[in-house]
1. Can you list residue pairs whose Cβ atoms sit under 8 Å apart, with the first residue in region 2-20 being more than 18 Å from V147 (Cα to Cα) and the second being modelled with pLDDT of 95 or more? Count only pairs 6 or more apart in sequence or on different chains.
2. Under the condition of being more than 17 Å from S163 (Cβ to Cβ) and part of a strand (DSSP E or B), which residue from region 44-64 is most open to solvent (accessible area, probe 1.4 Å)?
3. Only one residue in E72, E82 is more than 28 Å from H178 (Cβ to Cβ) and touching a Lys or Arg at 6+ places or on another chain (Cβ under 9 Å). Which one?
4. Only residues that are surrounded by 17 or more Cβ atoms within 10 Å (Cβ to Cβ), of a type outside the set (D, E, K, R) and under 17 Å from the mean Cα position of the chain (by Cα): list them for region 119-141, please.
5. From L179, L111, L90, L95, which residue is in contact with a Gly (Cβ under 9 Å, 6 or more places away or on another chain), open to solvent by less than 10 Å² (accessible area, probe 1.4 Å) and over 14 Å from A32 (Cα atoms)?
6. Based on what the data block shows, is A84 of a type outside the set (S, T, Y), closer than 14 Å to A33 by Cβ and either surrounded by 18 or more Cβ atoms within 10 Å (Cβ to Cβ) or out of contact with any Phe, Trp or Tyr (no Cβ under 9 Å at 6 or more places or on another chain) (or both)?
7. If you go through region 104-139 one residue at a time, how many are of a type in the set (D, E, K, R) and in contact with a Pro (Cβ under 8 Å, 6 or more places away or on another chain)?
Amino acid sequence: MDWGAFQSAWHERGCRAVAGLAEANPGESLYAAAFHLSYLDGEQILPSALAVNAEAAVREEHGYSTRFLPPEWRWDVLGAEEMAPWYRRLTEEYLVPASGDAERDAAMVALGAAHDAALAEVCKAMTATARRGGIHAALPPGFVVAVLEGQREDEEAVLIRRSVDPAVLATVPELADHLRLLEDA
């Protein structure tokens, strides 16, 4: 797999999708985008969802917030169709050749680790592009892109740390607080 090309494809499509949302919703303050709902089993890997949320869509009740909970966000902006060919290639390269349970398990571990690393780099690149004004002028200076995989509870803090540069994390106090809560749990 050409992971550089994979990352470039996600970066281009992700930036284009966020720009389209910012353009179509000029009155909204978009604060974050996140990759979530990654799926990998012994047979296939499917494209992650890319969600975006606006300040007006954040809900808080009884100490529960949707700020960093992408399944509750307003927009899942990029569907499987655009990135599906890349994920078919990943399935064919990593999982199809595996025979037997041990080989398939090892292939899943290798693919999962490589995919997580690639998405982390995409997040950092998209955040940098947004903060330079390269996605859309309406995005706030604190706009951030992260991997937020709530269903992978024991790994979520690690995924956030990998996908958000420490210097950027320091500029997004709500995300830093969310990360501390995850690490303290």
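The values are calculated or read from the model by the stated rules, or taken from the named source; none is laboratory data. In this text, all values refer to a predicted model and were calculated from it rather than measured experimentally. We place every Cβ from the backbone using ideal geometry, glycine too, and count neighbours over all the protein chains shown. The area values use the complete protein model at the heavy-atom level, side chains included, leaving out ligands, DNA and RNA. Shrake-Rupley method; radii C 1.70, N 1.55, O 1.52, S 1.80 Å.
1. A19/I135; A19/H136
2. Here is the first cut: in region 44-64, the ones more than 17 Å from S163 (Cβ to Cβ) are 44-46, 54-64.
The next check asks that each one be part of a strand (DSSP E or B); those that pass are 45-46, 54, 60-61, 64.
Working: I45: 9, L46: 68, A54: 0, E60: 132, E61: 113, Y64: 114 Å².
The residue in question is E60.
3. Working: E72 fails: more than 28 Å from H178 (Cβ to Cβ).
The match here is E82.
4. Selection gives L119, A120, V122, C123, A125, M126, T127, T129, A130, I135.
5. L95
6. The answer is no for A84.
7. Step one: of region 104-139, the residues of a type in the set (D, E, K, R) are 104-105, 116, 121, 124, 131-132.
With the extra rule that they be in contact with a Pro (Cβ under 8 Å, 6 or more places away or on another chain), the set shrinks to 131.
Within region 104-139, residues that are of a type in the set (D, E, K, R) and in contact with a Pro (Cβ under 8 Å, 6 or more places away or on another chain) number 1.
Residues are listed down the side, and each one gets a yes or a no for (1) modelled with pLDDT of 95 or more; (2) not hydroxyl-bearing (S, T, Y):
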site: A34; (1), (2): yes, yes
site: L46; (1), (2): no, yes
site: A49; (1), (2): no, yes
site: Y64; (1), (2): no, no
site: A84; (1), (2): no, yes
site: V96; (1), (2): no, yes
site: L111; (1), (2): yes, yes
site: H115; (1), (2): yes, yes
